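Q: Starting off with a structure, shown below.
The values are calculated or read from the model by the stated rules, or taken from the named source; none is laboratory data. Being a predicted model, the structure only gives us computed values, none of them experimental. Cβ atoms come from the backbone with ideal geometry, glycine included; neighbour counts cover every protein chain shown. Quick note on the areas: whole protein, heavy atoms, side chains included, nothing else; ligands and nucleic acids left out. Shrake-Rupley method; radii C 1.70, N 1.55, O 1.52, S 1.80 Å.
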Amino acid sequence: MQTYKIALLPGDGAGKEVTDEAVKVLKAVGQKYGIEFEFEKALIGGCAYEEYKTPLPDVTLNIAKSADAVLLGAVGDWKYDKLPPEVRPERALLGIRKELNLFANLRPATVYPELTSLSPLKEEVVSGTDIMIIRELTGDVYFGTPKGIEIRNGEKYGFNNMCYYESEIRRIAHVAFKVASQRNKKVCCVDKANVLDVSRLFREIVEEVSKDYPETELSNMYVDNAAMQIIRNPKQFDVILTGNIFGDILSDEASMLSGSLGLLPSASLSDGKYAMYEPIHGSAPDLKGMNVVNPIATILSAAMMLKYSFNLNEMHDDIVNAVRKVLKDGYRTKDIEQKGMETVGTDKMGNLICGNILGI
Ligand code: IPM
Ligand code: MG
């Protein structure tokens, strides 16, 4: 039997609950298609800090590197807010992205027809929205040097460096055009080229790469305008290609189109060797252990793993269809609660999706 090894990093807060459900779903779909998934667990984030005094211990990195793919829950808890920046749980995320060279972050913002009324925007504005944000994940002002806080001219001075090598831009641009070629063949490059030199280079290289993909239409948009257009007319977008910090901000914004952070998955890919899949929501420490968080984002992240790491497209579609069927049948978790629908717990939502996959 074909076997895939998955590094399972539940992380903090509600991370365990949501990854438990994704594991159930992977097992169910594996059973149906005769594929085996083996899970190796490791600590990341605050729980790793408690055990090893670092949020990203080597043992976790090694398990992640030796697996076929990584499934992550979420990291962070308010109780770690006072820790020095280098050992805060978020550092583990940045660290694992860099160590595994996960430069391409795919964040789909899909509005399910079953849930359009949940969006804070008007139904006619959001219905049918299907955006794929491709965010560069290992460069930009997140990792640029020099950086720091020091004394200059007798006062404190803080600085970071927003920078990209053309090779970093080129490889993320190729990912965006390849993804677009499987979708509606439109890439919108989002930058701040009217002000920033680094953005001018970003735009120039993306335009150059676009020549390899003549069937795909490239447009450019300044990030401030893009932030406005995502709300005004989200349906105009297919693939949005952008750098690390703009992608961080725009992906949170776009997630709200769907009505709940609890629905949205993500994939972080490298040049083929490593890949990590995680929900875009945080660890929701206040909801930990209460059986109320929505496992759908993590379940859909597992589905993305099947598609992007293992090429198991039919199994991916099976999971997505099962999720949609459960929503259509009127089941909701607390975050997407609706009048006339049945609100169920985290585990029941997972079980319903498994039941749908297995036809029971
Ligand atoms: C995200 C998060 C992270 C980021 C934080 C937690 C470091 O906001 O994945 O979008 O800024 O990339
Ligand atoms: Mg973010």
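Q: Determine ³J(HN,Hα), in whole Hz, for all residues of segment 119-135 in sequence, where each value follows from phi through the Karplus function 6.51 cos²θ - 1.76 cosθ + 1.60 and θ = phi - 60°; x replaces Gly and Pro.
A: Computed from phi, the couplings for segment 119-135 are 5, x, 8, 4, 4, 5, 6, 8, 4, x, 5, 8, 10, 10, 8, 10, 10 Hz.
Q: When N is the residue count of segment 84-126, what does its C-alpha Rg come to as a fraction of 2.2 N^0.38 Å?
A: 1.90
Q: Same structure, new question: Quick check: from the Cα gyration tensor, does segment 1-97 come out rounded (a/c under 1.5), prolate or oblate?
A: Prolate is the answer for segment 1-97, as a/c is 1.5 or above and a/b outweighs b/c.
Q: Please give every one of the lysines within straight-line cross-link reach of Lys288, meaning a C-alpha to C-alpha distance under 17 Å, and leave out same-chain neighbours fewer than 8 residues apart.
A: Answer for Lys288, where 17 Å is the Cα cut-off: Lys16, Lys79, Lys334, Lys348, listed by chain and number.
Q: Apply the Karplus curve 6.51 cos²θ - 1.76 cosθ + 1.60, θ = phi - 60°, to the phi angles in segment 204-211 and return the couplings in whole Hz, x for Gly and Pro.
A: Those phi angles translate into 4, 5, 4, 4, 4, 5, 4, 5 Hz.
Q: Just to confirm the filter: which GluC sites (Glu not before Pro) across segment 106-147 are DSSP coil and have at most 14 other Cβ within 10 angstrom of their Cβ?
A: Loop-located and lightly packed - none at all.
Q: Now for a different question. With a 1.4 Å probe and every protein chain kept in, tell me what percent of the accessible surface of segment 244-299 is carbon plus sulfur.
A: Carbon with sulfur: 59 percent of the solvent-accessible area.
Q: Here is a further query. Which shape class applies to segment 175-327: rounded if a/c is under 1.5, otherwise prolate when a/b exceeds b/c and oblate if not, where a ≥ b ≥ c are the square roots of the Cα gyration tensor eigenvalues?
A: Because a/c hits 1.5 or more and a/b exceeds b/c, segment 175-327 counts as prolate.
Q: Let me ask another. Would you give the gap between the C-alpha center of segment 101-170 and the C-alpha center of segment 320-360, rounded to a whole Å?
A: 30
Q: Going Cα to Cα from Lys211, which lysines come in below 24 Å? Please leave out same-chain ones fewer than 8 positions away.
A: Of all the lysines, those that pass the test against Lys211 - Cα under 24 Å, at least 8 places apart if same chain - are Lys178, Lys185, Lys186, Lys192.
Q: Then there's this: In nm, to one decimal, how far is the modelled label at Ser219 from the one at Lys339, with both set 7 Å along Cα→Cβ?
A: 3.7
Q: Might you tell me the accessible area per residue for segment 182-228, computed with a 1.4 Å probe and given in Å²?
A: About 55 Å² of surface per residue is accessible.
Q: Taking a probe of 1.4 Å, how large is the accessible area per residue of segment 1-130, in Å²?
A: Ligands and nucleic acids excluded, the result is 43 Å² per residue.
Q: Which part of segment 275-312 falls in the paramagnetic zone of Asp252, meaning amide N under 11 Å from the point 7 Å along Cα-to-beta-carbon?
A: 282
Q: Let me ask something else. Which shape class applies to segment 279-360: rounded if a/c is under 1.5, otherwise prolate when a/b exceeds b/c and oblate if not, where a ≥ b ≥ c are the square roots of the Cα gyration tensor eigenvalues?
A: Verdict is oblate for segment 279-360.
Q: Run through the DSSP bridge list for the chain and note the antiparallel percent, rounded to the nearest 5.
A: If I count the DSSP bridges inside the chain, around 40 percent turn out antiparallel.
Q: Run the numbers for Ile360 and Asn313: contour at 0.36 nm per residue of separation, minus the present Cα-Cα distance, in nm.
A: Going from the current span to full extension adds 14.7 nm.
Q: Roughly how many Å is it from the Cα centre of segment 273-306 to that of segment 64-90, as a whole number?
A: Taking the Cα centre of segment 64-90 as reference, the centre of segment 273-306 is 14 Å away.
Q: Right, something else. Take segment 214-286, drop everything but the C-alpha atoms, weight them equally and run the Debye formula without solvent; then report log10 I(q)/I(0) at 0.16, 0.18, 0.26, 0.27 Å⁻¹ to two decimals.
A: For segment 214-286, the Cα-only Debye profile gives -0.73, -0.89, -1.32, -1.34.
Q: Then there's this: Take the solvent-accessible surface of the protein heavy atoms, probe 1.4 Å, and return the percent of it on segment 1-148 that carbon and sulfur atoms account for.
A: 50
Q: Next up: Could you check what % of the DSSP bridge pairs in segment 1-131 are antiparallel, to the nearest 5?
A: That works out to approximately 15 percent antiparallel.
Q: Within segment 1-86, which trypsin sites (Lys or Arg not before Pro) sit in a loop by DSSP and count at most 15 neighbouring Cβ atoms inside 10 Å?
A: Answer in residue order: Lys53, Lys82.
Q: Calculate what fraction, in whole %, of the accessible area of segment 311-360 sits on carbon and sulfur atoms when a 1.4 Å probe is rolled over the protein chains.
A: C and S atoms contribute 45 percent here.
Q: Please work out the Cα convex hull volume for the chain and give it in Å³ per residue.
A: About 146 Å³ per residue, rounded to a whole number.
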